[in-house]
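Notes follow once the structure below has been shown.
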Amino acid sequence: MFLALRELQFARGRFTLMGIVIALISVLVVLLSGLSSGLVNHGVSGLMAMPVTNFAFDGGTIKDNAFSRSVVEEDQLAVWQDAEGITDAEPMGVNIVNGVADDGTQIDLTLFGIEPSGFLAPTVSSGEPLGPLDGIVVSEPLRDKGIEVGTVVTLDRLDLELTVVGFTEGQATFGHVDVAYLPLDTWRLMAAGLAEPGAPTQAQVDGMDFPYSSVIALLADDGADVDLAAIDADAGTMTMSLSESFNSSPGYEAETLTLSMIQIFLYAICALVIGAFFTVWTIQRTHDIAVLRAMGASSGYLLRDSLTQAILLLFGFSALGLAVGVGMGVAMPDAMPFDLEPVPIAVSTALTIGLGLVGAAVAVLRITRVDPLRALGGQR
């Protein structure tokens with residue numbers, strides 16, 4: 001520790017410059033972590049909030065944007081409802097629409113058609129639960145656009161009028177569009193092309209023959225080992241777990257893979273930059289190290305001393321970068337999908353420090369090969 005601290009003080013300019021690079025990398029890691037969490041929450045928070053274990057799509061559906069492509073029938077639903085190990089199976093309709101509020105505000109909505117009394121029904125933070133044919137429960141952030149309980153939303157081209165009866169607990173989005181839950185019968189009226197201008201009526205529903213939905217939401221028994229493949233074969237469906245279904249949201253996979261690749265490169269850059277710095281620093285100190293070796297200092301002592309420098313540098317400036325990154329994250333505008341979540345940020349920072357130490361450790365291993373005779377001019 002004595003030598004490490006003396007060198008940090010003596011060459012403070014070089015170490016400060018290196019520390020600034022580490023801090024900047026830490027800032028980028030925090031911002032990318034927050035952006036990744038924000039994109040996930042802004043892209044699939046509606047799915048994440050659902051108490052489901054799996055979704056069953058029509059067999060052969062292309063997985064990209066599968067919620068919009070899939071169409072399942074009542075016969076397929078019946079197979080899943082009778083399947084062993086499945087607590088509940090409900091139909092669900094999904095589509096994205098444009099609408100206009102009664103004050104003229106234009107909004108985009110992802111409609112989730114569900115059974116109002118089923119297990120998919122959302123918990124409301126205010127207003128009333130889902131019930132009437134013309135009622136919708138919408139994502140909480142829509143309040144910021146002036147949407148209130150009682151607001152009437154008219155859907156483009158259909159002139160179908162839907163009234164906001166409640167708000168979800170927290171954000172609910174799909175494909176970066178706010179979710180509106182509505183009765184499955186109302187969704188089927190729209191999907192069948194039978195929706196008429198104005199509010200939907202029970203007479204319209206009674207006269208409809210459209211036994212289809214987009215997907216089947218499944219809730220498996222706790223701890224049950226369900227043979228999903230066998231049931232899929234019987235029902236003619238394709239099942240995904242809840243987390244796997246996120247990739248069927250528009251743009252989700254492309255966004256997450258891109259950010260993950262950038263983060264991986266940042267980790268690699270951190271390890272290489274730290275390694276390069278300590279390689280050059282070790283080369284410059286070769287004569288001093290040889291003197292210490294000639295005086296009896298062990299390789300282990302010198303390795304610990306050099307790694308202490310790396311630890312102080314990485315922890316100190318990573319903490320600085322973390323603080324700056326969190327501060328910038330707090331100041332992010334609401335329009336940016338950015339969420340500061342402690343666990344992802346902690347994991348990213350720990351990886352940055354860990355890989356930086358690996359790079360430093362590889363670099364300072366040169367110390368073990370320094371010949372003590374250099375101190376006596378033995379190689380001149």
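Based on DSSP, what percent of beta bridges with both residues in segment 60-235 are antiparallel, to the nearest 5?
Values: 29 of 39 bridges.
Rounded to the nearest five, the antiparallel share is 75 percent.
With the other protein chains left in place, how much accessible area per residue, in square angstrom, belongs to the chain at a 1.4 angstrom probe?
On the way: 17960 Å² over 380 residues.
Heavy-atom SASA per residue in the chain reads 47 Å².
Report the relative contact order of segment 1-145, percent, no decimals, based on alpha-carbon pairs under 8 angstrom and at least 6 residues apart.
Numbers: 85 pairs, mean separation 17.1, N = 145.
Once normalised by length, the contact order is 12 percent.
May I ask you to give the percent of accessible area on segment 35-116 that is carbon plus sulfur, with a probe radius of 1.4 Å? Before the final figure, lay out the partial values.
Numbers: 1510 of 3360 Å².
That share works out to 45 percent.
Quick one: accessible surface of Glu341, probe radius 1.4 Å, all protein chains present, in square angstrom to the nearest 10.
In the full protein context, Glu341 sits at about 60 Å².
Which peptide among 48-60, 67-79 comes first, and what is the full order, when sorted by highest mean count of other Cβ atoms within 10 Å? Each step should come with its number before you reach the end.
Working: 48-60: 19.4, 67-79: 17.7.
Packing order, densest peptide first, comes out as 48-60, 67-79.
Could the peptides 106-112, 25-31 be put in order, highest first, of the mean number of other beta-carbon atoms found within 10 Å of their residues? Walk me through the numbers on the way to the answer.
On the way: 106-112: 20.3, 25-31: 22.7.
Taking the mean over residues of other Cβ atoms within 10 Å, the ranking is 25-31, 106-112.
Could you tell me the accessible area of Phe278 in Å² (1.4 Å probe, neighbours in place), rounded to the nearest ten?
Phe278 exposes around 0 Å² with every protein chain in place.
Which residue fluctuates most in the GNM of the chain (Cα springs below 10 Å): Asp134, Asp178, Asp221?
The residue that fluctuates most here is Asp221.
What helices does the chain hold that run 15 Å or longer along their axis, going by alpha-carbon atoms, with a Kyte-Doolittle average of 0.5 or more, using DSSP H for the helix calls?
Span-like helices in the chain: 12-48, 252-284, 299-330, 342-364.
Once the Cβ-Cβ distance between Val343 and Asp64 is put in as r, and R0 is 22 Å, what FRET efficiency do you end up with, to the nearest 0.05? Working shown, then result.
Values: r = 29 Å, r/R0 = 1.31.
Approximately 0.15, to the nearest 0.05.
On the accessible surface of segment 132-227, probed at 1.4 Å, how many percent belong to carbon and sulfur atoms? All intermediate terms of the calculation are to be shown ahead of the outcome.
Details: 1780 of 4050 Å².
With neighbouring chains kept in place, the figure for segment 132-227 is 44 percent.
For the chain, report the translational diffusion coefficient in µm²/s to the nearest whole number, using Stokes-Einstein at 10 °C, 1.306 mPa s, and a Kirkwood Rh over Cα pairs.
In µm²/s, the coefficient rounds to 64.
For Arg304, what accessible area in Å² do you get when you roll a 1.4 Å probe over the heavy atoms of the protein chains, rounding to the nearest 10?
Its accessible surface works out to 150 Å², give or take rounding.
The values are calculated or read from the model by the stated rules, or taken from the named source; none is laboratory data. Just so you know, these numbers come straight off a predicted model, no measurement behind them. We place every Cβ from the backbone using ideal geometry, glycine too, and count neighbours over all the protein chains shown. For accessibility, only protein heavy atoms count, side chains too; no ligands or nucleic acids. Shrake-Rupley method; radii C 1.70, N 1.55, O 1.52, S 1.80 Å.
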